[in-house]
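Written out below as structure tokens is the structure these notes cover.
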Number of protein chains: 4
Amino acid sequence: MILILKETATSKQIEELLRKLKKHQLSANLITADNKNIIVVTGETMSLSSEEMLSSDLIEQVQNIAEPYQLANRKFQPKDTVVSVGEHTIGSNELCVIAGPCSVEDERQILTVAKKLKKSGATMLRGGAYKPRTSPYVFQGLEEEGLRLLKLAKKETGLPIVTELTSLRYLEHFCDVDLIQVGARNMQNFEMLKELGHCKTPILLKRGFSNTLEEWLMSAEHIMAGGNPNVILCERGIRTYETATRNTLDISAVPFIKQHSHLPVIVDPSHASGIPSLVEPLSSAAVAAGADGFMIEVHPCPEQARSDGGQSILPADFVALMKKISPIASLCGKSVHISEDF
Amino acid sequence: MILILKETATSKQIEELLRKLKKHQLSANLITADNKNIIVVTGETMSLSSEEMLSSDLIEQVQNIAEPYQLANRKFQPKDTVVSVGEHTIGSNELCVIAGPCSVEDERQILTVAKKLKKSGATMLRGGAYKPRTSPYVFQGLEEEGLRLLKLAKKETGLPIVTELTSLRYLEHFCDVDLIQVGARNMQNFEMLKELGHCKTPILLKRGFSNTLEEWLMSAEHIMAGGNPNVILCERGIRTYETATRNTLDISAVPFIKQHSHLPVIVDPSHASGIPSLVEPLSSAAVAAGADGFMIEVHPCPEQARSDGGQSILPADFVALMKKISPIASLCGKSVHISEDF
Amino acid sequence: MILILKETATSKQIEELLRKLKKHQLSANLITADNKNIIVVTGETMSLSSEEMLSSDLIEQVQNIAEPYQLANRKFQPKDTVVSVGEHTIGSNELCVIAGPCSVEDERQILTVAKKLKKSGATMLRGGAYKPRTSPYVFQGLEEEGLRLLKLAKKETGLPIVTELTSLRYLEHFCDVDLIQVGARNMQNFEMLKELGHCKTPILLKRGFSNTLEEWLMSAEHIMAGGNPNVILCERGIRTYETATRNTLDISAVPFIKQHSHLPVIVDPSHASGIPSLVEPLSSAAVAAGADGFMIEVHPCPEQARSDGGQSILPADFVALMKKISPIASLCGKSVHISEDF
Amino acid sequence: MILILKETATSKQIEELLRKLKKHQLSANLITADNKNIIVVTGETMSLSSEEMLSSDLIEQVQNIAEPYQLANRKFQPKDTVVSVGEHTIGSNELCVIAGPCSVEDERQILTVAKKLKKSGATMLRGGAYKPRTSPYVFQGLEEEGLRLLKLAKKETGLPIVTELTSLRYLEHFCDVDLIQVGARNMQNFEMLKELGHCKTPILLKRGFSNTLEEWLMSAEHIMAGGNPNVILCERGIRTYETATRNTLDISAVPFIKQHSHLPVIVDPSHASGIPSLVEPLSSAAVAAGADGFMIEVHPCPEQARSDGGQSILPADFVALMKKISPIASLCGKSVHISEDF
């Protein structure tokens, strides 16, 4: 950590600061450049937050040189993490394809779509049971009944299931869920992250819609620090000034994360764009940029969806998407599972 | 709600849509303009989310004309909400001044600062016991011991206490807290909002750092819909591209919310700017823009703070700030409590 | 255009507004829904800006239903625009690959790099002669001498040249430039756009770093309305809160623009990311998302570059990039020119 | 400047870099901390841009310690700059109040409003003659005729006139303009800034809607470096994700700029919010935060405005605004000119 002191800092204040740093078992090296006093701090600086060091009357700028995250850092674990989910893996040479409706609505809906997806190359089934909704006046999900229907679909198709946990109070119902999703709005719900660190189930950690890549990796670090190494990151678009798309897919996040972390990364083009006709091009882009897979919303009848129908694609579009993407995925070292009668 | 249909919509699809709307007990009026089919929907449209209506192959644009929030809406309750907190009120002609350290650190720290603040015009004492921290490796708050020290400070000074709830699992310890803060990261933790709707304690709802004004009011609506009308909104800066300040204080939020809602609004210039020398000018601006008060971080020794020391001001600066702001507050119809020996 | 009136609008005001609209040769149809007065306006509404209609005391919301841009709109010209630049084309089944250094620095630099690029599949040579620089104290470009060197490189290699115009006062020197670049900072320099509408030379219109897709297409419309149909759009990253990358590449812009406009679209991953190791994955993503090509910075010795060295890749990296992307481009219907001895 | 090297940098590369720095007459001091090589560079580092130093294979991070702007920097000129415009001053203890319509439309409009404004405390008259418009199909301003009408209004009322220059080609017509406005879209039109550096006329430099405070001061530096010290900064709202207001007024910019620069700063709440009912509260906030004044849009009949009618206030509202703000301005050390019969 490099501290650039204010010009108003007195020698007495500087001495005190140096003493304080030494008390924390840190080495501090004072140098002067361009009339500025600069302190280079080394040692276990991770326990100092930059904000703490920016104390009012002494320090003007702080530059971190140590890595803020460790367990998620590729520097300390060069090999890719491969997470097993049911019979499938994420982060390997298998393309991860998670598909399904925004919300589980009824038995017929989820079974119909699950069977079609299974045939056309999906490796996991998604579906919301507990839904975080902006308005208290709209459909909030089928809750426990939704989980029951997802498990039924799993039994019928063999597809592992992925669904969102919105509160720790529901965690007890998630024992048969194969991949627990932490939604964008809970990416910095640190109490939830800490608790999921004690689970064995893999975690799909969506990026908060206004969180930086570093904050995202720090949230993964919260889970991993608790003992659960099976974290998969999902880029789902960030909030910007652009309103033509629902969010702005930060495609650069894919290669950036792959270079800085060993964790698998997938992309959610449905939430990122909110526009069905953009789902295929953005999925293709994600695979070409090095993503380990994608998660998309597919609904048998989007007009009748009880949430996010507008961004869902039809099962037939999903088939076309898989046909388009398979050869690109092959070029990028990812194989696709498509049943023989596809 | 106005639905503008895609040009590709067939008469059959339009008829189906009209039927579907009528099934929801809504009136639907089809008109044609510039070769576009437009449906004006009236009735209880609040249960339709815009997103749901944007179903893939039919609807191009949706324009809401009904108000998305009702209980928080000034249109339906023109009179200002006044919330009582201890002997003080927020939203009345009394300026609300919440001050204190970012984190409660020890007995001496919190008692020293509380006594100074009481004398210089603070109406409530803030201090973090449970701290949401980006890194798992830094100070996470004193937790229950922090709450105990806050209550001690309340006993000594009479100041009502304000502190953040980071998980419902801690709610049982918050029975003596006068004003429960929902932090920016939990503004859309809907499970928490619903539960707080069943409390009697007033709620200080901070704006999420990337949430719109409408989303913020919808979160207030979640609490109010549960039966708790005592919600105070706190603007604390939003995340933008600008890095000179920690966040960007959205000062327009103050008059905008006052015009659209009857709920009290205060401003947190410490988190908004992250820069001590900006705290006074931004507090003045907030009062001049019509805010009901402000919440600021004051620490007896910022250099030694265990969190956010960099944005805290000294007790002496707080005295100067109150002297500067008092006459502006008077001009804006807000009175300030300053003890005689101030 | 749909106008939703404020509830405070009096019948007299409404009548006046209807009269005013009719005076503009527009049809206006007044309907009432949910106690709101709504006017549906049809006819040549393009001359009314939404902002103008939001007049203070009458109109609450404006919804445009007509298309704000016409000449650039795929609805009115379904066929792709193909722009010829030298012997190459953009928007056809040929992958457009523009490469070269940020700034032209000297004869040896530009000739060396141009020859290498020609061999490895570049279709055009870029290089800055006039440089818009944030600081007045750094290198501002070789100006006319830079243009001379670019023309020399064109003569040696046959590559058409692309360079930025920073002021109309230099336009007279651009007669031999094959593709004139309008930089991000000039995307809304309407006086420049209007003047370029009177040129015959194709224009590479970069997206402003905080402009919406609609504003971008409106700027293309400014050029086209002047008589120059040869506009190529270049997405180069937008400004967001994320600081890990220099800008955020808005990859969704590619398929969105292709669907709404017939103009060619390319991507600049060098400026978008500012990180050399991201250039290849982002170029691949752009091609997979349907871009007509890309423009990247290549410098024979980035450490010695006089501007933007940090985001340039080496000629050897460019060769590797072309090898990686060629088969993806083929799958996406775009062929690549690579000389035999590649 | 502090350079933190990548771990892959070889001793040979580091030596070369040190040699290169010395060739630029800079001192370079190599130190090692936490296994990182760090170079502290001192001397005239202003001519190195950070971007240039981030050369691909050597440097990981760059931290500037020298000030990027000098002429605009309060550190090097502690005394406030006071700019004279006609009989008025900006940056002194006089509140600067610029008011008038978005566009000059006809003689009657501009004379009517100018006389009313003069009486109610405006110190300068604004009005657009050349208008930068997003669409080529809407009103583009009266151009030279607009300038003639502004000069007429000045003759009748004595108010100095402020109007926007959209292209250097019109500069010859601006000789009688008292304060030349550089609009947000031209804030980084460096060719224009350089040319205006050679003028004597004061420049009102609006902040680009997505420019940082540092970029804004660097643009002021461009003008000042040319020899024109009379620059006034105008904060007019920045582009963020929030759509409830047209832009987001960055109120923190006011005290931040006042602390870091000696140049006068005013605020434009009309463009910042786009909502007439927010103009007074935001003007009050600006004055309370330390602004030297504000610029607002006033139109005698906003419904009939040919541009931006929706954000204009009525002359009567302007009178009310001045009455509300005068006592706040007095408290903040700024006096207001209101004629006796006000």
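Taken together, the values in this text are just the output of simple stated rules run on the coordinates, not laboratory data. For clarity, every value in this text was computed on a predicted model and none was experimentally measured. So basically every Cβ, Gly included, is an ideal-geometry build from the backbone, and we count neighbours across all protein chains shown.
A straight line joining the Cα centroids of the stretch B:283-313 and the stretch C:5-24 runs 48 Å. Each other copy holds its own label point for D:D34; taking that point as 7 Å from Cα along Cα to Cβ, the gaps run 2.1, 5.3, 5.6 nm, nearest first.
What you get for the stretch C:281-327, charging only the Cβ of Lys and Arg (+1) and of Asp and Glu (-1), is a dipole of about 140 debye around the Cα centre.
Taking all C-alpha pairs of the stretch A:134-180, those more than 12 Å from each other amount to 65 percent. Inter-part distance, the stretch B:141-184 to the stretch D:179-236, computed on C-alpha centroids, equals 50 Å. Peptide D:325-333 is shielded by partner chain Cβ atoms: per residue, an average of 3 of them sit within 10 Å of its Cβ.
By the equivalent-ellipsoid construction on the alpha carbon gyration tensor, the stretch C:1-136 comes out with semi-axes of 54, 20, 11 Å, ordered largest to smallest. Between D:S219, D:S330, D:S120, find the one with the highest GNM mean-square fluctuation for chain D; connect C-alpha pairs within less than 10 Å. Judging by the Gaussian network model, the answer is D:S330. In this assembly of identical copies, the label point of B:T10 (Cα plus 7 Å along Cα-to-Cβ) is separated from its counterparts by 5.2, 6.9, 8.5 nm, sorted shortest first.
Efficiency by 1/(1 + (r/R0)^6): what FRET value for B:K22 and A:A316, r their Cβ-Cβ distance, R0 = 22 Å, to the nearest 0.05?
Computed FRET efficiency for B:K22 and A:A316: 0.15.
Can you tell me the FRET efficiency between D:E60 and D:E143 if r is taken as the Cβ-Cβ distance and R0 is 45 Å, rounded to the nearest 0.05? The value I calculate is 0.30. When the Cα atoms of the protein assembly as shown are aligned to their principal axes, the ranges along those axes come out at 84, 75, 73 Å in descending order.
Taking neighbour Cβ counts within 10 Å as the exposure measure, how do B:K155, A:K334 sort from fewest upward? Each step should come with its number before you reach the end.
Details: B:K155 9, A:K334 21.
Least crowded to most crowded, the residues run B:K155, A:K334.
Per-residue ellipticity at 222 nm computed for chain C from its helices equals -9500 deg cm²/dmol, with DSSP H segments shorter than 4 residues left out and the rest contributing -39,500 (n - 2.57). Using a Gaussian network model of chain C whose springs link C-alpha atoms within less than 10 Å, name the residue from C:S167, C:S11, C:S92 with the highest mean-square fluctuation. Sorting by GNM fluctuation, first place goes to C:S11. Taking the charge dipole of the stretch C:220-342 about its Cα centre, with +1 at Lys and Arg Cβ atoms and -1 at Asp and Glu Cβ atoms, the residue from C:P255, C:S283, C:I325 reaching farthest to the positive side is C:P255.
Please turn the phi angles of the stretch C:24-38 into ³J(HN,Hα) values with the Karplus equation 6.51 cos²θ - 1.76 cosθ + 1.60 (θ = phi - 60°), one per residue in order, whole Hz, x for glycine and proline. Couplings: 7, 6, 10, 8, 10, 10, 8, 10, 10, 8, 6, 6, 10, 8, 10 Hz. Structural descriptor for chain A: relative contact order 17 percent, calculated from alpha carbon pairs under 8 angstrom and at least 6 residues apart. Over the C-alpha atoms of the stretch A:197-252, the Rg to Rh ratio, Rh being the Kirkwood estimate, stands at 1.07. Take each residue of peptide C:212-224, count the partner chain Cβ atoms within 10 Å of its Cβ, and average: the result is 3.
Note on the stretch B:220-327: the C-alpha convex hull projects to 8.1 nm² when averaged across all orientations. A simple spin-label model places the labels of B:K119 and B:Q70 5.2 nm from each other, with each point 7 Å out along Cα-to-Cβ.
Chain C comes nearest to the axis taking it onto chain B at the Cβ of one residue; that residue and its distance, in whole Å, are C:Q63, 2.
Plainly put, the tip 7 Å out from Cα toward Cβ on A:T89 is 4.6, 6.8, 7.6 nm from that tip on each other copy, the closest given first. Counts of other chain beta carbons within 10 angstrom of each beta carbon in peptide B:183-193 average 5.
Dividing the alpha-carbon radius of gyration of chain C by the rule-of-thumb value 2.2 N^0.38 Å gives 1.14. Place a point 7 Å from the Cα of A:H337 along the Cα-to-Cβ direction; which residues of the stretch A:266-303 have their backbone N under 17 Å from it? Counting backbone N atoms under 17 Å from the label point, the list is A:292-296. Exposure proxy ranking for D:I328, C:I98, based on other Cβ atoms within 10 angstrom of each Cβ and starting from the fewest, stands as D:I328, C:I98.
Treating the stretch B:127-283 as a set of equal point scatterers at the Cα positions, no solvent, please give the Debye-formula log₁₀ I(q)/I(0) at q = 0.14, 0.17, 0.20 Å⁻¹. The Cα Debye sum returns log10 ratios of -0.74, -1.09, -1.40. Each residue of the stretch C:276-286 was assigned a 3J(HN,Hα) from its phi angle through the Karplus curve 6.51 cos²θ - 1.76 cosθ + 1.60 (θ = phi - 60°); the sequence is x, 6, 9, 5, 5, x, 6, 5, 4, 4, 4 Hz, with glycine and proline shown as x.
Over the stretch A:78-202, the reciprocal of the mean inverse Cα-Cα separation, the Kirkwood hydrodynamic radius, stands at 15.2 Å.
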